[in-house]
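Peer 1: To start, I am sharing the structure in question, which I have written as structure tokens.
The values are calculated or read from the model by the stated rules, or taken from the named source; none is laboratory data. Model, not experiment: these values are computed from the prediction. Note that we place each Cβ from the backbone using ideal geometry, even for glycine, and neighbour counts take in every protein chain shown. Please note that ligands, DNA and RNA were not included when accessible areas were found on the heavy atoms of the full protein model with its side chains. Shrake-Rupley method; radii C 1.70, N 1.55, O 1.52, S 1.80 Å.
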Amino acid sequence: QVQLVESGGGLVQAGGSLRLSCAASGSIFSINAMGWYRQAPGKQRELVAVITSSSNTNYKDSVKGRFTISRDNAKNTVYLQMSSLKPEDTAVYYCAVDGRATMGVNIIRSWGQGIQVTVSS
């Protein structure tokens, strides 16, 4: 079983920056894609950014140019650097990791507990 621990959220003024971190631990044989999702009140969870095992990235259109996803494979950690934050970025952000616990088993997605990001206008 993989445990994910997120950190770095909080309250920031519009135009400010935050860096989210998500560290994976537990039974990890390999990690494939790592990503960040978010869910605002009354809305569905949406993909914000994803990074593959080969470090290819993809972003939600509204965050392109403002957010950067990266990963440190040695630390099993994924980061989300958020800049030029807007009030509409306010949401609970969730880390997601696709990985295998042991060789030959199916890839399983694990989720973090979520971390609040609030951007004030």
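Peer 1: Restricting to the range 47-83, and then to whatever is β-branched (Val, Ile, Thr) and in contact (Cβ under 8 Å) with a residue 24 or more places away in the chain, can you tell me which residue is nearest to residue 15 (Cα to Cα)? Explain how you work it out, then say what you get.
Peer 2: To start, the set of residues in the range 47-83 that are β-branched (Val, Ile, Thr) comprises 48, 50-52, 57, 63, 68-69, 77-78.
The next check asks that each one be in contact (Cβ under 8 Å) with a residue 24 or more places away in the chain; those that pass are 48, 51, 63, 69, 77-78.
Values: 48: 18, 51: 25, 63: 13, 69: 18, 77: 26, 78: 23 Å.
The selected residue is 63.
Peer 1: Across the range 18-45, what is the number of residues that are in a strand (DSSP E or B) and open to solvent by 60 Å² or more (accessible area, probe 1.4 Å)? Give the derivation first.
Peer 2: Taking the range 18-45 first, the residues in a strand (DSSP E or B) are 18-26, 30-39.
Pick out the ones that are also open to solvent by 60 Å² or more (accessible area, probe 1.4 Å) and you get 19, 39.
Matching residues across the range 18-45 total 2.
Peer 1: For a quick check of your reading of the model, give me the residue pairs whose first member lies in the range 1-17 and is under 30 Å from residue 30 (Cβ atoms), whose second is in a strand (DSSP E or B) and open to solvent by 60 Å² or more (accessible area, probe 1.4 Å), with beta-carbon atoms closer than 7 Å and at least 6 apart or on different chains.
Peer 2: As it stands, the answer is 4/111; 8/19; 9/116, since those pairs meet every condition given.
Peer 1: Looking only at residues in the range 50-78 that are assigned to a loop (DSSP other than H, G, I, E, B) and under 13 Å from the mean Cα position of the chain (by Cα), which one is surrounded by the most Cβ atoms within 10 Å (Cβ to Cβ)?
Peer 2: In the first step, residues of the range 50-78 are kept if they are assigned to a loop (DSSP other than H, G, I, E, B); the result is 52-56, 60, 64-66, 73-76.
Those still in the list that are under 13 Å from the mean Cα position of the chain (by Cα) too: 52, 60, 76.
Working: 52: 14, 60: 15, 76: 19.
Here the residue is 76.
Peer 1: Residues in the range 79-88: is at least one in contact with an Asp or Glu (Cβ under 8 Å, 6 or more places away or on another chain), closer than 19 Å to residue 117 by Cβ and open to solvent by less than 80 Å² (accessible area, probe 1.4 Å)? Give the steps one after another, and end with the answer.
Peer 2: As a first pass, look at the range 79-88 and keep what is in contact with an Asp or Glu (Cβ under 8 Å, 6 or more places away or on another chain): 79, 82.
Then drop every residue that is not closer than 19 Å to residue 117 by Cβ, which leaves 79, 82.
If we keep only those that are open to solvent by less than 80 Å² (accessible area, probe 1.4 Å) as well, we get 79, 82.
Yes; the residues of the range 79-88 include at least one that is in contact with an Asp or Glu (Cβ under 8 Å, 6 or more places away or on another chain), closer than 19 Å to residue 117 by Cβ and open to solvent by less than 80 Å² (accessible area, probe 1.4 Å).
For (1) out of contact with any Cys (no Cβ under 8 Å at 6 or more places or on another chain); (2) hydroxyl-bearing (Ser, Thr, Tyr), each residue gets a yes or a no:
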{"position": "6", "(1), (2)": "no, no"}
{"position": "16", "(1), (2)": "yes, no"}
{"position": "35", "(1), (2)": "no, no"}
{"position": "41", "(1), (2)": "yes, no"}
{"position": "55", "(1), (2)": "yes, yes"}
{"position": "70", "(1), (2)": "yes, yes"}
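Peer 1: Just the residues that are out of contact with any Pro (no Cβ under 8 Å at 6 or more places or on another chain), farther than 16 Å from residue 72 by Cβ and open to solvent by 30 Å² or more (accessible area, probe 1.4 Å), please, taken from the range 3-17.
Peer 2: Answer for the range 3-17, where residues must be out of contact with any Pro (no Cβ under 8 Å at 6 or more places or on another chain), farther than 16 Å from residue 72 by Cβ and open to solvent by 30 Å² or more (accessible area, probe 1.4 Å): 3, 9, 11, 13, 15, 17.
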